[in-house]
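Heads up: the structure comes next, in structure tokens.
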Ligand SMILES: C[S@@+](CC[C@H](N)C(=O)[O-])C[C@H]1O[C@@H](n2cnc3c(N)ncnc32)[C@H](O)[C@@H]1O
């Protein structure tokens, strides 16, 4: 379940923003930044058909929780069928609602958020709302990790992320179609 599933849904939902899942190089590089021994509650924004989810489930603790928030109904249904793992909860909703979603499921605070949603496609207000909610649900020291297409204005994610989290780290993975920018932001203690 990969490129064909993406293509089928890509034409009816512009927020999918990709015609193929992230490459294994991208998945490894992004997930290399996660402290799996510490992470008890993890969130994935925009898991798609689950290329990161599968990798995460092989590495998270047996007692960890992984909450998948996916806006596209066809992808949410695929994720439910594909991952009958008791650690996984699939929520068909927008990342904008991360705070009430976690609150309702006793998932606060979260250790890590992994985001694949296309920030460049979102209106500024929605972007701001998602980053505010993400910052609010993370524990101090918790991490927000986002992967995006390489060519993008700093106004789409870097600047709003710095406004919310302070300094961030930015790396690239060229072995992906298209190449990826990887943003890493940590919630300060006392923030
Ligand atoms: C570029 S695809 C990434 C999919 C997958 N994580 C991967 O790496 O291949 C973006 C995904 O984000 C989802 N998405 C877009 N906007 C969203 C939102 N506001 N909340 C949750 N998911 C969203 C899309 O439906 C799609 O599954």
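The values are calculated or read from the model by the stated rules, or taken from the named source; none is laboratory data. Small disclaimer: the values here were computed from a predicted structure and weren't measured. Backbone-built Cβ (ideal geometry, glycine too); neighbour counts: all protein chains shown.
Of the helices (runs of 4 or more DSSP H) lying entirely inside the range 1-81, those containing at least 2 residues that are within 15 Å of the chain's Cα centre (by Cα), at pLDDT 95 or above and more than 10 Å from the ligand (Cβ to nearest atom) are 24-31, 51-57. Here residue 155 meets the list (1) in a strand (DSSP E or B); (2) modelled with pLDDT under 90 almost entirely, failing just condition (1).
Residues that are more than 19 Å from residue 47 (Cα to Cα) and out of contact with any strand residue (DSSP E or B) (no Cβ under 7 Å at 6 or more places or on another chain) occur in the range 136-147; there is at least one.
Is one or more of the residues making up the range 10-19 crowded, with 20+ Cβ neighbours inside 10 Å and in contact with a strand residue (DSSP E or B) (Cβ under 7 Å, 6 or more places away or on another chain)? No: the range 10-19 contains no residue that is crowded, with 20+ Cβ neighbours inside 10 Å and in contact with a strand residue (DSSP E or B) (Cβ under 7 Å, 6 or more places away or on another chain). Applying the condition of being near the ligand (Cβ under 8 Å from one of its atoms) and more than 14 Å from the chain's Cα centre (by Cα) to the range 115-126 and asking which residue is surrounded by the most Cβ atoms within 10 Å (Cβ to Cβ) yields 122.
Rundown of residues vs (1) out of contact with any strand residue (DSSP E or B) (no Cβ under 8 Å at 6 or more places or on another chain); (2) touching a residue at least 60 places away in the same chain (Cβ under 8 Å); (3) over 25 Å from residue 37 (Cβ atoms), yes/no style:
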site	(1), (2), (3)
68	no, no, no
80	no, no, yes
83	no, no, no
86	yes, no, no
93	no, no, yes
96	yes, no, yes
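Selection within the range 90-114: residues that are under 25 Å from residue 20 (Cβ atoms) and touching a helix residue (DSSP H, G or I) at 6+ places or on another chain (Cβ under 7 Å). The member of this set that is nearest to the ligand (Cβ to nearest atom) is 95.
Name the residue that is modelled with the lowest pLDDT, counting only residues in the range 165-185 that are more than 18 Å from residue 20 (Cα to Cα) and crowded, with 19+ Cβ neighbours inside 10 Å. Taking the candidates together, the pick is 165. Do we have residue 132 as in a strand (DSSP E or B), in contact with a helix residue (DSSP H, G or I) (Cβ under 8 Å, 6 or more places away or on another chain) and under 25 Å from residue 38 (Cβ atoms) here? For residue 132, the condition - in a strand (DSSP E or B), in contact with a helix residue (DSSP H, G or I) (Cβ under 8 Å, 6 or more places away or on another chain) and under 25 Å from residue 38 (Cβ atoms) - is not met.
On the stretch given as the range 98-129, residues that are under 13 Å from residue 44 (Cα atoms) and not in a loop (DSSP other than H, G, I, E, B) total 9. Selection of the range 127-148 for residues being in contact (Cβ under 8 Å) with a residue 60 or more places away in the chain and either more than 22 Å from residue 22 (Cβ to Cβ) or surrounded by fewer than 17 Cβ atoms within 10 Å (Cβ to Cβ) (or both) yields only 137.
Within the range 158-191, the residues that satisfy the criterion of being part of a strand (DSSP E or B) and either free of Cβ contacts under 8 Å to residues at least 40 places away in the same chain or more than 17 Å from the chain's Cα centre (by Cα) (or both) are 168, 169, 170, 172, 181, 183.
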